[in-house]
Every structure is written in structure tokens, then in C-alpha cells.
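Participant: Handing you this structure, nothing more for now.
The values are calculated or read from the model by the stated rules, or taken from the named source; none is laboratory data. These numbers come from a predicted model, not from an experiment. With ideal geometry, Cβ positions are generated from the backbone for all residues, glycine too; neighbour counts draw on all protein chains shown.
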Amino acid sequence: MKYDCYWRFPTFRLSGGPGERALRTFPSARRLEAPGAAEPFLNGTSSNYVEEMYFAWLENPGNVHKASARASLFEKRNVPAGGATSVVGARTDVEKLIEDHLAVQSLIRAYQVRGHHIAKLDPLEISCVDFDDAPCKVAVSAPLSKQPGALLPPGFYGLLESDLDKVFRLPTTTFIGGDESALPLREIIHRLEMAYCQQIGVEFMFINNMEQCQWIRERFERPGAMHFSVEEKRTLLARMVRSTRFEEFLQRKWSSEKRFGLEGCEALIPALKTLIDVSSGRGVDSVIMGMPHRGRLNVLANVIRTELDQIFCQFDSKLEAADEGSGDVKYHLGMYHRRMNRVTDREITLSLMANPSHLEAVDPVVQGKTKAEQFYCGDTEGKRVMSILLHGDAAFAGQGVVYETFHLSDLPSYTTHGTIHVVVNNQIGFTTDPRMARSSAYPTDVARVVNAPIFHVNADDPEAVVYVCKVAADWRNTFHKDVVVDLVCYRRNGHNEMDEPMFTQPLMYKKIKQQKGVLQKYATALISEGVVTSQEYEEMVAEYDKVCEDAYTRSKDEKILHVNHWLDSPWPGFFTFDGQPKSMSVPSTGISEEDLSHIGNIASSVPDKDFTIHGGLSRILKARAAMVEQRVCDWALAEYMAFGSLLKEGVHVRLSGQDAERGTFSHRHHVLHHQNVDKSICIPMNHIAKDQAPYTVCNSSLSEYGVLGFELGFAMASPNALVLWEAQFGDFHNTAQCIIDQFICPGQAKWARQNGIVLLLPHGMEGMGPEHSSARPERFLQMCNDDQDKLPPEDFAVRQLYDCNWIVVNCSTPANFFHVLRRQIVQPLRKPLIVFTPKSLLRHPEAKSSFDQMLPGTEFKRIISEEGPPLASPDRVRRIIFCTGKVYYELARERKHRGMEEQVAIVRVEQLSPFPFDLVKEEVERFHHADLMWCQEEHKNQGYHDYIKPRIRTAVARTRPVLYAGRGPAAAPATGNKQTHLAELQRFLDTAFDLPGTSGEQ
């Protein structure tokens, strides 16, 4: 062995096969320094026993004989000028003894670090140790050990065949000896191979916590650890029967239907049930699960225990759900079920979240719902509520939201205190081999970033699968950290049952066709062991087949199909009052003057007099106090009033986002930081009232997809909370578009599930360039489900809210923002609220509201009518300019500058969707001689124009044209040149007030 450098790792070459193999690394060699010596102690061309002895000494000085170590190795050294180091003197018997013991320790460590690379993980046996030189001609996917560092023969460590029967003392970092402290080398190697190189491969040595590493070692190294009683084996067999026969039943009855069956990984069902059983026994009473479509129906049937007739009736295309909504395909549906766990005799709630085909998108949603349930039941350590996430191998490696979700796992405001991840590793994506789909050896390598242990297991060994799941559940419930179970299996059919996999993986699927089913293999093994008889096994199968047949008969009843059976987050009691449906009305959202003043005083002060705040913040708080004295509020104070009043009423408020605590524009300051004491903070909002609800405000990781999904899940758990996500800038929602498109926009239509999440998206053309100008309102409006050509009935203000898929607003006053936030809670329904929040208006001197606009009897204004001179002489008004948001203040300033205050009325559309047809009609009738115009600061092909114009036309029965003033069509949201921005602004203002002309289009 030749050392290429002394600093890090020695390298060596392995020859053989076609060409020279890649350089490999032996990780335990380090740059060494002798105790008490300043100069480095380097070894040159000799074997590595010196490094290993020193490495062992670093871990535990008791591992090395003191006299021999110091006298024979550390003190007898010299360093030649050339940099090589040699040990002076002949090797004594003591030195040989130390060398051999250190070699054994190196060998043990090698198995612990790299044993998983040669474990028998692949049930198809098509993975090879070195892919480039693979002798296995059947290989069609990247091998499980496609990386350097595979195990080396004992001879590499200086151990000879004659040493096999020598007895060696075992280090404290292994449990292979059980109660024995020393073993022959032959037995040591055998036990290491049994622990690390059979059907289970363990990745854990990257974890930088000795206690956790020892915990894992003990559970896989201790002899006899994986022991199953006769009863446990019979239970496992019964679960395998249900898993396998369910898929076979579906195949017989609906052979031409897509169902994304579990064939090839039937052991998933006993795996999940084991995770739940063990966790239930440790005190968990609620498990929230998310998973892709493969195997979903089986999980619903045999884990969640959904009624089989409810599942089977989903296959009948003639049946129509009795509930409203478009519904979704059967392998996207979720379920909530509370039942008795027969193993632990404890009640447990199981929730499988509904989710779309967008892979891994459900991951953060599950985490958010889990966090919410933990929060509401006071489970601060995750001992009662936990999450399980299932993944496909290709998606786990390929989808970035997996990484985003992992990085939430230990953040204080996002941790769920450990998630169990189960990867159904089919060793293929849709038609793509792993070698084309990922650069890592395993699909699970992303989990290493949070030091989660990874347990690979051959899914054709049900007992190994169940044992690994027992360990995983114990890990999660002991350390409350994430853990991964990698079920290495195969996919017996194609991507779905109609797909032909032989097109793209012919060799793999030839192998699969020869593969016996895991149930058949396991049943044969248990019969041969005498655990069950053939007759008992056949009775198990017949009994479950009858259960399926009976359920199939019941599924023909047209009365059983209801979407409400498939709710994953029911809100009992929310939609009724005293047993009757809630009134379809929205009470006033105003609050008393006393509450306004009290909350305002809290917002402008520091509860603790000894708490030192920044001088600039002192000025901000003084300005707030002055506003309270003057009975007015700006945007930040209005938000404070809304949050504070809801908290006082017992409503939990949770606001998260990137820099949400201070606010991107330094306007919020809900968390005060002591200027002289590290980590000392104050949240005045939590000091409003004695029995108030808690306020959670938290800066998130720099993630949109993951965090928005998390907050959506949090909002699902309870309707009695105001949950808000704030984008740093409005266009940051781009990278969370999947959550918006697949969950927020169509969630109620697909899954009959309401959600009241609020999105705060800073928006406005401020001359700062195309980035961060536009929150892309056109995208949200395009997805609104109201009909542009249909005028709703007269009494539709609340009915519109009930029918819409979400609410889109752009408030121009702090008071209206205050009201719309409170309306989210007081209204008798829950719909997502999209708010285009301001930037420059945060400090605009005219963007302030009087307390009078927030008192009892006041409410959110869907439209803010003209309040100036045009009201005195409506017949003189020649134009009504409809607008929304910030542009109102620019229009009002320009109108005043031109002296046209009696000729032009400006009407603000505050609620864009559902569209206020009734109020627009009233405005047009009020100024019946005026022409109509829509004005926006956004480009014509963006913003609100395409949504607003046809709806104004419908409101006036298409009797009047609607003119346009705004920027022309463009590809980018805004110019990057300040002068161009100002020129564009003046141009559309000129158009807006060019009364004699016919600006715009009809």
C-alpha cells in the first residue's frame, strides 16, 4: 500500500478484471499526532497498525496497553528528512499482539461502516459489487454498492489464515460477543457477516453521536437479537396473506383497471403494521401517514382498515358520489379512522393524507398536520403523535422537496420529533434505471444530511423487514429523530397494470417472471418449521378471500358511495351549531375601541422594562404609540390588531415564512431581540390577555415548496386557527406552485376538504426590476372557479364564498386588511385566502385607517366606493375607473393634480374573487353617464385585466364597453430601468385621464 498524502486518507489500487478499478479509500487512517507531542507522527510504507492503534486510543485509552503503546510505538520513532517515518527496533511479541488486536478492531469497524455494500439486499440478485466490471450479465440497474469502500479481505489488515483460530479481545464498540468479551477471529468474522452482510444492511456510522451508534450496534450485533416467537410468525403470515390476497382479488375482479398494486413488495403491509404496533405500545395514539399511489389501496384496506366495500365501489364507474366536488381517482384518496389496536389493546387514530400524483408533494403537508396535532394536544416531545412517510426510490432521490422536508426536521417551529420514512425501493422509476436516475449509490442518501440512520432490507425476507421496522419504531420513539427503512424489492407489473415493462427492462422482467411470490416462499418456510400446517395456511387464505367476496357484494349498493367517507382531516362540529347547519352569514368583524387601544399599546411597548431593544426599533414603537393616540393605524398595526384580537378570543394564530418575524420590509417586528443578551427574545403578542391563545411567529428555512406545504398541513388539522404563510416577495410562491396547484386551489373539489390557509404575497410595481415586483395575480385568478358570464343570484355575498375554491383580495387600506383576516375565522366556512400585500404602502402617509373603520358594526368591504366630490354630482362624472391595490393612490394623486376630481370616480375592487358583481353594478348605476375603465399597473397580459374585464361586462349585462389603462403586454413582469418604469407609469396615467379619447380596447 502506498500513501499518496499524509493529510487525509491513504489510497490503494485494486487490479483485476478488465482495466484497473477506481481508487478506493480506507477511511480509518488519519493524520496522527502522538499524545503530548507537537510534531505529527506519520507512518510510511508499513502496514496501518500504528494508525489503528492510535485511533483506538483516541476512542478509548483502555483499548491500548499503556506500556507497550508508549514505549514500543510512540516513543520509539524518528522522522527522516524525506518525510517517511519508521519504527525503530524489532517487533516484539507485545507489538505483534497490539498489531493484531488493532487489525481486528479495524476489521470490525469496516463491517460496521461498509458491510451493507455486500449484504444480500436484492431479492432479484441482479445487483453486482462493481458495476463497471460486473460479471452478472442480468444486471439492469445500478448496484447497491456502486461506490468505493467495499469490504477488504482480512489479509489487508495484516491478519493471516493462521490467525483465524486465535482469540481476540473485543473492543467496546461492538456487541457481537454478547456476554463474551473475547472470541476467535473466525467467529468474529462469522458474527459480523451475520449482523451486517445478510438480508439487512445498516448505514449509521456517519452519525456523530456515540450513544446513538452504540444503540444501533447493539440491536443488530447482539447474538439472537432477531428472534421471533411462533405467535409472532403466525401473525406475520396472516398479514402477508391479507396483503397478497387483496392484490390478487383486485386483479381477478378488475384486471383492466389501474390500481398501482403492491405486487413485489407485499411485505410493506406487515412493515407498516409493525411500525404502528410498536409505536402504539410506546404511547403514540395518532399516526399521520403520507404515501404515493403504489400500494395505496392495500394500505387503506389492511393498515388504515378502511371498509373494503368502500374501496371496491370506487372501481364502479356507474356510481356517482352523493357529495359535491369533482372527486379524485381512487389511488389518490385519503382516510381517517380511529380503531382499537389489537396488539397493544390501545385506541389509535390513523390518518392517510389524500394527495395527487405529484411525487413527494405530500411530505411537508403530512409534517405540518402532525405538528398541528402535536401542538393542539400539548405533545411537545412527539410522544403521542407521529408521522410515517412512504416514498418511491426514484422520487426519494429525485424530488427536491424531500430535501426541503428533511431540513425542517430539527427546526424548533417545524420539528415533528422524528419521522419514519419507508422507501418502497422497486429499483426502477417509471421506465428509468437507477443508474440514469440518480448519482448516489442508494436512493436514500439524502437522509444522511440530518444524520438519520438508514436500514436497508431485502423485502423478500418478511422477518427481516419486521425486525428492521421494530428497530426503526424504537429509534424514533427513543431519540425522536428521523429514520429510514429502505425496502429493497421489485415491481412485478409495469408502472401500472396496463403498462408493458418488457419494452425497457427486458432482462429485469425475465428475472421477475421467474420470481416466486414472497407469501409462497414464507408460507413454505413456516410449514417446514412446523409453525403452521398446510391446512391452517389454506384456511387463512380462504377466510380472507371470503371477506373480500362479501365486501364486493356490498359494494354494489349505490347508497354507500360518499366523498365524506374519504376525509383525512374531519372537523367534527364545525359545520353545525346545536345540531343544525350554521347560518350562511358573516357577522361584523369590528372590535371595541377598548380592545383596539389595548392591543395598540401592547404593539408599541416592551412588556419587560429591563429588556433592551435597538434604538431604531424604539423609534418605530414610539411612532406606533403616536398612531394609537391619534386613533389611526398603518398596515403593520392593523395586522397586529387582527392577530391580537383573535388571540384574545382564543384563536391560535401561526405566521411563518422567510424573515416573517421582523418582516421582509422591516415593518412587523413581532419578535424583539435583546441587544445585550444572546437568544433573549420577547413576543409582546403573547402578553395581550391572561387566557389568550398562543401566538406562533417563526422564520422558516429558505424553502417555499416545503414550508408552504407544511403550513397547509398545519391548517388542515383544525378550523379554529388562523394559519398564514408569507412569501419574502410575492413571486417566491413560484417554487411552491405545486402545493398551490395540487392542494390549495382544488383541495375541496377533489377531497371535500376545506382549508383556511392564508397566503401573504408582497406585490407592486416599484421600479425595482422584474424580480420581486409581481406576485403573479393572473395565475391565481385564472384558477378561480367562478363563471365570468354568469351573474349570481341576488343574495349571494356569502353564498359566493361557499361556492368558490378560494378568495383573492388586494386591500388598499389597513382597515380592510384587518377585516379580511378576521373574516377568515368568523365566517361559517373555511376557504384559502390569497392576499396581495403591499410594499411601498406599508409606509405611505395616505395608507392609514381610522379606528372608526374597525369598530363593531364594520366589516370587510368587497368594494370601496368613490368617497369624494363625484358623489355630490354623479351626473357630471364622465368616467369610472375601476382598480385594485396600490395603483389607487397613484390615480388619486394624478386626478387631483389634473383637477378632475368631479369628472372621474375611482372605485377600488378589494375582493377580486369571488367577483362582487352586485356592487360593481351599483357603482355603474350610480354614475350612469360615465364610461367604464379598468386600470392596473401590471402589464396587460398579466395582473387582473383578463379576469376583471369580462366580469364587469357581465355585471352591466354587456351593455357598456370596458376601456383599459395600464402597461402593454410584455414577457417580464416589470422593466429593470427606473426611468422606463416612470415613463410607463405616466403613460398609463395619461390614458386613464384622457377623457375625450377612446383609450384602450372594447
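Participant: Just one of (1) closer than 29 Å to GLY767 by Cβ; (2) not in a helix (DSSP H, G or I) trips up ILE948, so point out which.
Facilitator: (2)
Participant: Would you be able to tell me the number of residues in the range 642-701 that are under 16 Å from ALA721 (Cα atoms), touching a residue at least 40 places away in the same chain (Cβ under 8 Å) and of a type in the set (S, T, N, Q)?
Facilitator: 4
One line per residue, one yes/no per condition, for (1) in a helix (DSSP H, G or I); (2) out of contact with any Leu (no Cβ under 6 Å at 6 or more places or on another chain); (3) at pLDDT below 90; (4) within 25 Å of THR405 (Cα to Cα):
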| site | (1), (2), (3), (4) |
| --- | --- |
| ILE207 | no, yes, no, yes |
| ARG234 | yes, yes, no, no |
| ARG242 | yes, yes, no, no |
| VAL287 | no, no, no, yes |
| ASN298 | yes, no, no, no |
| GLN314 | yes, yes, yes, no |
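Participant: Can you spot a residue in the range 873-888 that is outside the structural domain of HIS844 (by TED's automatic domain parsing), part of a helix (DSSP H, G or I) and at pLDDT 95 or above?
Facilitator: Yes; the residues of the range 873-888 include at least one that is outside the structural domain of HIS844 (by TED's automatic domain parsing), part of a helix (DSSP H, G or I) and at pLDDT 95 or above.
Participant: With respect to THR235, determine if the residue is of a type in the set (S, T, N, Q) and not assigned by TED's automatic domain parsing to the domain that holds LEU121.
Facilitator: yes
Participant: Of the residues that make up the range 778-785, is at least one acidic (Asp, Glu), farther than 15 Å from VAL586 by Cα, modelled with pLDDT of 95 or more and within 29 Å of the chain's Cα centre (by Cα)?
Facilitator: yes
Participant: Take the residues of the range 824-844 that are part of a helix (DSSP H, G or I) and not hydrophobic (A, V, I, L, M, F, W, C): which is modelled with the highest pLDDT?
Facilitator: This residue is GLN824.
Participant: If the requirement is being of a type in the set (D, E, K, R), within 30 Å of ALA523 (Cα to Cα) and in the same structural domain as ALA271 (by TED's automatic domain parsing), which of these qualifies: ASP433, ASP482, ASP461?
Facilitator: ASP461
Participant: Restricting attention to the range 145-164, does a residue exist that is basic (Lys, Arg) and within 30 Å of ARG294 (Cα to Cα)?
Facilitator: yes
Participant: Give the number of residues within the range 396-425 that are surrounded by fewer than 24 Cβ atoms within 10 Å (Cβ to Cβ), part of a loop (DSSP other than H, G, I, E, B) and among the hydroxyl-bearing types (Ser, Thr, Tyr).
Facilitator: Adding up the residues that qualify gives 3.
Conditions tested, residue by residue: (1) crowded, with 20+ Cβ neighbours inside 10 Å; (2) of a type in the set (A, V, I, L, M, F, W, C).
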site	(1), (2)
VAL449	no, yes
PHE455	yes, yes
ALA459	yes, yes
LYS481	yes, no
GLN505	yes, no
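Yes/no per residue for (1) of a type outside the set (A, V, I, L, M); (2) farther than 29 Å from THR533 by Cα; (3) surrounded by fewer than 23 Cβ atoms within 10 Å (Cβ to Cβ); (4) at pLDDT 95 or above:
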| site | (1), (2), (3), (4) |
| --- | --- |
| GLU218 | yes, yes, yes, yes |
| ALA225 | no, no, yes, no |
| VAL230 | no, no, yes, yes |
| ALA267 | no, no, no, yes |
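Participant: Taking the options ILE613, ILE591, name whichever one is more than 16 Å from ILE825 (Cβ to Cβ) and buried (at least 16 other Cβ atoms within 10 Å of the Cβ).
Facilitator: ILE613
Yes/no per residue for (1) of a type in the set (S, T, N, Q); (2) in the same structural domain as ILE288 (by TED's automatic domain parsing); (3) surrounded by fewer than 24 Cβ atoms within 10 Å (Cβ to Cβ); (4) not in a loop (DSSP other than H, G, I, E, B):
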{"residue": "THR344", "(1), (2), (3), (4)": "yes, yes, yes, no"}
{"residue": "GLU347", "(1), (2), (3), (4)": "no, yes, yes, yes"}
{"residue": "SER357", "(1), (2), (3), (4)": "yes, yes, yes, no"}
{"residue": "GLU360", "(1), (2), (3), (4)": "no, yes, no, no"}
{"residue": "VAL365", "(1), (2), (3), (4)": "no, yes, no, yes"}
{"residue": "THR370", "(1), (2), (3), (4)": "yes, yes, no, yes"}
{"residue": "GLU373", "(1), (2), (3), (4)": "no, yes, no, yes"}
{"residue": "GLY382", "(1), (2), (3), (4)": "no, yes, yes, no"}
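Every residue, every condition in (1) buried (at least 22 other Cβ atoms within 10 Å of the Cβ); (2) in contact (Cβ under 8 Å) with a residue 12 or more places away in the chain, yes or no:
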| residue | (1), (2) |
| --- | --- |
| ASP852 | no, yes |
| LEU855 | no, yes |
| ILE863 | no, yes |
| GLU867 | no, no |
| PRO870 | yes, yes |
| ILE880 | yes, yes |
| HIS897 | no, no |
| GLU901 | no, yes |
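Participant: Scan the range 935-956 for residues that are hydrophobic (A, V, I, L, M, F, W, C) and surrounded by fewer than 24 Cβ atoms within 10 Å (Cβ to Cβ) and report the count.
Facilitator: Total satisfying the criteria: 2.
Participant: Is it the case, given these coordinates, that ARG476 is modelled with pLDDT under 95 and either charged (D, E, K, R) or not assigned by TED's automatic domain parsing to the domain that holds LEU124 (or both)?
Facilitator: When the stated conditions are applied, ARG476 does not pass them.
Participant: Within the range 846-856, is there a residue that is under 26 Å from GLN942 (Cα atoms) and among the basic types (Lys, Arg)?
Facilitator: No, the conditions are met nowhere in the range 846-856.
Participant: Any idea how many residues of the range 428-447 are buried (at least 24 other Cβ atoms within 10 Å of the Cβ), within 23 Å of MET502 (Cβ to Cβ) and of a type outside the set (Val, Ile, Thr)?
Facilitator: Looking only at that region, the number is 1.
Participant: Quick one: which residue in ALA603, ALA636, ALA625 is more than 24 Å from CYS698 (Cα to Cα) and either of a type in the set (Gly, Ala, Ser) or touching a Pro at 6+ places or on another chain (Cβ under 7 Å) (or both)?
Facilitator: Unique residue meeting the criteria: ALA625.
Participant: Same structure, new question: Which of (1) part of a loop (DSSP other than H, G, I, E, B); (2) more than 30 Å from ALA721 (Cβ to Cβ) is the odd one out, the single condition VAL457 does not satisfy?
Facilitator: Of everything listed in (1) part of a loop (DSSP other than H, G, I, E, B); (2) more than 30 Å from ALA721 (Cβ to Cβ), VAL457 misses just condition (1).
Participant: For the range 743-757, check the following and say yes or no: at least one residue is crowded, with 20+ Cβ neighbours inside 10 Å, over 24 Å from GLN827 (Cβ atoms) and within 16 Å of the chain's Cα centre (by Cα).
Facilitator: no
Participant: Which condition from (1) over 21 Å from THR415 (Cα atoms); (2) at pLDDT below 95 is the one that LEU759 breaks?
Facilitator: Condition not satisfied by LEU759: (2).
Residue-wise test of (1) surrounded by 17 or more Cβ atoms within 10 Å (Cβ to Cβ); (2) touching a Pro at 6+ places or on another chain (Cβ under 8 Å); (3) among the small types (Gly, Ala, Ser).
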residue	(1), (2), (3)
PRO762	yes, yes, no
GLY769	no, no, yes
GLN788	no, yes, no
ARG799	no, yes, no
ILE807	yes, yes, no
PRO838	yes, yes, no
PRO845	no, no, no
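Participant: Please enumerate the residues belonging to the range 384-395 that are assigned to a helix (DSSP H, G or I) and buried (at least 24 other Cβ atoms within 10 Å of the Cβ).
Facilitator: ASP393
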